[in-house]
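These notes concern the structure reproduced below.
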Amino acid sequence: MSRIATPPQRQVSSFIALLRQCLSDLEIEQVLAHALLSLDTNGRASLLESLEPGTAQTLGGLLAGQAGMASLTGPSSARMSDNRILQEWEQAWASWHECIDEADLEDGRYVERDHHWNPPWFDSHSLSADLDRIADRMAPLLERVLEGDLDPGFSMLETVAESLEELGDGLPEWFGTIDGEGLVCGSVTTCILRWERLADRRAGNDGEGVPIFATMDRIRRAEAEAGKWALEGGALLEFVLDLPHEEQRQLLEGLWAHADAHHWLPAFQHPHSHWYAVNQALAKRHRPELVLSLCHHCLSADWRLSIPLLDDILQRHAWEEGPAVIQVALQGLLRYRREERQFDPVGELLVDMPSMDRYHRQGEVLLAFLQRWERLAAGAQHAELAAALGLQAHLFQAWTDWTSVVQRLRELESSGHAELAQRFFLLWRQRVTRHSQGSGDLAKSWIPLLADAAWQGIEPAFFRQRLRAWLNGASTNKQAFQAARSALECLTLDLDDGRRLDAAAPRMRSLLAAQRVSEPDLDRSRRDWLGRMGAARLFPTVMAVWARFAALLVPDPASASKSRYDVHADWLAVLHALDRPSYQRLYQLWRRQHRRRRNLWAAIRARGLEG
């Protein structure tokens, strides 16, 4: 059976031009598909012989997949041709460079301005997201480009680094320096790592490729020299842990052999570096004994690394090694300098330390540290220190829970540490007073009386007697009232059941609450103990104190900001409810002094007040 004659290339080119001139793209696609599917065996063979090998291989796979099928269901053995791969590759890089060029434009899409009077700022997040989407297009092409040597001499590391280092060069000097932190996201990082490793595996004179450490060392050097980009840590770690185990071991050996190299210092001395995470993960997997060495290297930079070190000390019963680790960890935890005084765990509350507020989200780690320190103290026969550390851990978790703290203190007292229990009670009492009251003279507060009642088991009637005496003292004169005012605000809100205060002075609750920072757990526990003491019986006495000095509560309208008088009118309404004669006098005074403040009188009328 004779083969169909292949038309000359000139005729093919001419006919393609004629098709483009006379038919739409859709029509050409339909004609092409119908023509190819209509070919018999000879026609297909003749057609494939006339094409370039790569094109013929791809088209042959497509046609073979459709043989004997009545409808298109997708190719079963289709493979993109080299030319198609190269086209996709070049289009992806064109998009990449378009983004980089756009970043150089002062009015480009990556330059943002919140308001016309604010200076512009560079939106690196949007740029990195766009670059990452382009990297997603490149990812499935990498192996084919390398396999077919479709882009000879190309290095993704060099290309990405060069383009990012030039980023923003076209912007005016007054714009400032572009912050490249986070610019290289996961997909870009993965593409760089995969390309460089695939290329190195194909290189080398002995056919075995370039060693893994040489690849990563080249990448790390480029990153260390970069000013506007860095690899994304998560993608880096995932890539490394997906390497063959032998390459992982080789990389770990290379890291430790070059531990003193300047560009590898982050892998050993910077615990928040992505290269440290790589080093640590490889050590855990292949050389566990190196993990402790890493922790020692970086303990001063991250106190949390003390935990595996303390675990090792506890396992070996090497009690004498513990204090040095604890000392360095505390310096990092509390941000002390070495020459500053050190934290005293038997004389201070850890939860009171200025740096503690930021650790509540890391509570489990801090508790783990305290628990190991406690075990270390117990192993070294330091009973008081161990007891204090156990209490420190409890207070860190539950200092707002009065019942729990009192119970723990009593257990400590009954175990032979009465002096320690009393010392910590006083420290805790001071803390709950300060956090409950918020401001004012802590020595003039009723809260220590309630704490004493809880700790000493005082009878409710005796507590109420002491609280009444405190209220009498607070109402002695104006100075005493002002000194006790913050504590009185706390007591008033604590005794209010949602109805009492509204009945006495409807706007007073919101005014008092607005001046306080609420700590719900602490408030709930304190109110529970007031309930146990029957303190609500003294609510009328509390309101009598407020009534006596209510005129002092109303702010002067002359101090109002931007003619806003809501607070002034609200306190005037409180005075109206608590002390009508004082209200009348103040109202008439305001009529004379502030008659021109229209907003003030509008606010007063809105509250239904009149002379």
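The values are calculated or read from the model by the stated rules, or taken from the named source; none is laboratory data. None of the values given here were measured: they were computed from a predicted structure. Neighbour counts are summed over all protein chains in view; Cβ atoms, including those assigned to glycine, are modelled from backbone coordinates with ideal geometry. With ligands, DNA and RNA removed, areas are computed over all heavy atoms of the protein, side chains included. Shrake-Rupley method; radii C 1.70, N 1.55, O 1.52, S 1.80 Å.
Some observations on this one:
- Solvent-accessible area per residue for the chain (1.4 angstrom probe, square angstrom): 53
- Contact order relative to length of the range 306-426, as percent, for alpha carbon pairs under 8 angstrom and 6 or more apart: 24
- Translational D in µm²/s for the range 560-611 (Stokes-Einstein at 4 °C, 1.567 mPa s, Kirkwood Rh from C-alpha pairs): 118
- A Cβ-based charge dipole, computed about the Cα centre of the range 115-158 with Lys and Arg at +1 and Asp and Glu at -1, lands at about 200 debye.
- Here ASP312 and GLU52 are evaluated by their C-beta separation; at R0 = 56 Å the FRET efficiency comes out at 0.30.
- Distant alpha-carbon pairs in the range 351-491 (separation over 22 angstrom), percent: 48
- The chain: Cα Rg divided by the 2.2 N^0.38 Å rule of thumb: 1.53
- The per residue volume of the convex hull around the alpha-carbon atoms of the range 469-611 is 119 Å³.
- Computed [θ] at 222 nm, deg cm²/dmol, the chain (DSSP H ≥ 4; -39,500 (n - 2.57); rounded to nearest 500): -20000 deg cm²/dmol
- For LYS444, the aspartates and glutamates whose Cα comes closer than 18 Å to its Cα, not counting residues fewer than 8 places off in the same chain, are ASP452, GLU489, ASP494.
- Each Lys or Arg adds one and each Asp or Glu takes one away; over the other residues whose Cβ falls under 12 Å from the Cβ of GLU147, this sums to 0.
- Simple label model, 7 Å out from Cα along Cβ direction - ALA203 to ALA551, nm: 9.0
- Surface share of carbon and sulfur [accessible, 1.4 angstrom probe, percent] for the chain: 49
- Angle between the chain longest axis and helix 363-379 axis [Cα atoms, degrees, rounded to 10]: 70
- The protection proxy used here, the mean number of other Cβ atoms lying within 10 Å of each residue, ranks peptides 283-291, 11-19, 229-237 as follows, highest first: 229-237, 283-291, 11-19.
- C-alpha long axis of helix 9-22 to longest principal axis of the chain, angle in °: 50
- Here's the picture: charge each Lys and Arg Cβ at +1 and each Asp and Glu Cβ at -1 in the chain, and of ILE458, LEU51, MET353 the one pushed furthest to the positive end of that dipole is ILE458.
- Each peptide in 389-399, 523-533, 241-251 was scored by the mean count of other Cβ atoms within 10 Å over its residues; highest first, the order is 389-399, 523-533, 241-251.
- Its relative contact order, with pairs defined as Cα atoms under 8 Å and 6+ residues apart, puts the chain at 6 percent.
- Gyration tensor (alpha-carbon) shape descriptor, the range 511-572, a/c threshold 1.5: oblate
- Dipole axis of the chain (+1 Lys, Arg; -1 Asp, Glu on Cβ), positive-most option in ALA418, ALA35, ALA573: ALA573
- With Cα atoms as the point set, the range 108-177 shows a radius of gyration and Dmax of 16.6, 54 Å.
- Here's the thing: no lysines lie within a cross-link span of LYS562, going by alpha-carbon distance under 19 Å and ignoring same-chain residues fewer than 8 apart.
- Per residue, the convex hull around the alpha carbon atoms of the range 373-417 comes to 53 Å³.
- Karplus-derived 3J(HN,Hα), 6.51/-1.76/1.60, for each residue of the range 317-333, Hz, glycine and proline x: 6, 8, 4, 5, 7, x, x, 5, 5, 4, 4, 5, 4, 5, 4, x, 5
- Database remark: amide H of VAL111 closer than 5 angstrom to the amide H of ASP123 (H placed geometrically; neighbours at sequence offset of 5 or more, or on other chains; Pro and chain starts carry no H).
- √(5λ) per eigenvalue of the Cα gyration tensor, the range 441-548, largest first, Å: 20, 17, 14
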